[in-house]
Structures are given as structure tokens and as C-alpha cells.
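Comments concern the structure below.
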Amino acid sequence: QVQLVESGGGLVQAGGSLRLSCSASGSIFAISSMSWYRQAPGKQRELVAAFPSGGSRNYADSVKDRFTISRDNAKNSVYLQMNSLKPEDTAVYYCNARIITKETMKNVELWGQGTLVTVSS
């Protein structure tokens, strides 16, 4: 069984910073991509940043130049450094990964449990 575990959410004032972490564990053969999504109250889940293996990082326009996604392949982990936070960044942030498991050798999509980020004005 493979799972994603997130950490790092919390309450921060506008202009502040937070760093989210997500680690994949279990019977992993390879990870093809890791991403961060978010869902604000009453809104649809949206892509925040993506980091495909062997590809370029990409960001939602709303977070460009403020957020940075990074990966540590040795630790099967992905991070989201969030700077200059705004109240509109308030949301539950979800880690997403596409993982090839050792048992099936097939790509499966996994989601973390979500971590709440609240930015006060």
C-alpha cells in the first residue's frame, strides 16, 4: 500500500510564509509526478504547482513568483514554499502524486489527506 502524508499547514498573517511537505511511502517503484492542489471554501479544487519527473515546474498564475515547488527524490517527497501569502491563499492544500507501484507496475494517482492553510489579513 502506498500513501501520501502531508504536514506544514497552519495560521499565518498576510505577507508571511509557510512550507508544506508531503512524503510518499510504501511499495514504490517510481514516481512520475508530484503536485500541489488547493480547495478554498465553496470553490473547486485547483492546481497550484506541479513538478513532473524530468519535466519543468509549472505554477498557477495566482501563485507565480510567490510559491516554489521542489522535490527530494531520495525521500519521495515534495515541498511547497509559500511566501508573501495573501488571504485569498486560504484553502485546504492537497498533495497529489502519480506513482508506479511495485506490485502492479501501473500508474496510480494518490491524494494526501489535506492540510489547512489560513492567511489572516
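The values are calculated or read from the model by the stated rules, or taken from the named source; none is laboratory data. On a predicted model such as this, the values are computed, not experimentally measured, just so you know. Here Cβ is always computed from backbone atoms with ideal geometry, including for glycine, and neighbour counts include all displayed protein chains. The area values use the complete protein model at the heavy-atom level, side chains included, leaving out ligands, DNA and RNA. Shrake-Rupley method; radii C 1.70, N 1.55, O 1.52, S 1.80 Å.
Qualifying trypsin sites (Lys or Arg not before Pro) in the range 1-74, where qualification requires a DSSP coil assignment and no more than 12 other C-beta atoms within 10 Å, comprise Lys43, Lys64. Each of Ile99, Ile28 has its accessible area taken with a 1.4 Å probe; listed largest first, they run Ile28, Ile99. Excluding same-chain neighbours fewer than eight residues apart, the aspartates and glutamates reachable from Lys43 by a Cα-Cα span under 18 Å are Asp61, Glu88, Asp89. For Lys102, the lysines whose Cα falls under 23 Å of its own Cα, not counting residues fewer than eight places away in the same chain, are Lys75.
Give the lysines reachable from Lys64 as a straight Cα distance under 18 Å; neighbours fewer than 8 places away on the same chain don't count. Result set, ordered by chain and number: Lys86.
Summing Lys and Arg as +1 and Asp and Glu as -1 over all other residues whose Cβ lies under 15 Å from the Cβ of Asp72 gives a net charge of +3. Put Val12, Val78, Val108 in order of accessible area, highest first, and with a 1.4 Å probe you get Val108, Val12, Val78. At q = 0.14, 0.17, 0.25, 0.28 Å⁻¹, what base-10 log of I(q)/I(0) does the Debye formula yield for the range 52-121 when every alpha carbon is treated as an equal point scatterer in vacuo? Taking Cα atoms of the range 52-121 as identical point scatterers yields -0.55, -0.77, -1.33, -1.45.
Would you mind pulling out the separation of the Cα centroids of the range 9-68 and the range 82-121, in Å? Cα centroid to Cα centroid, the span is 5 Å.
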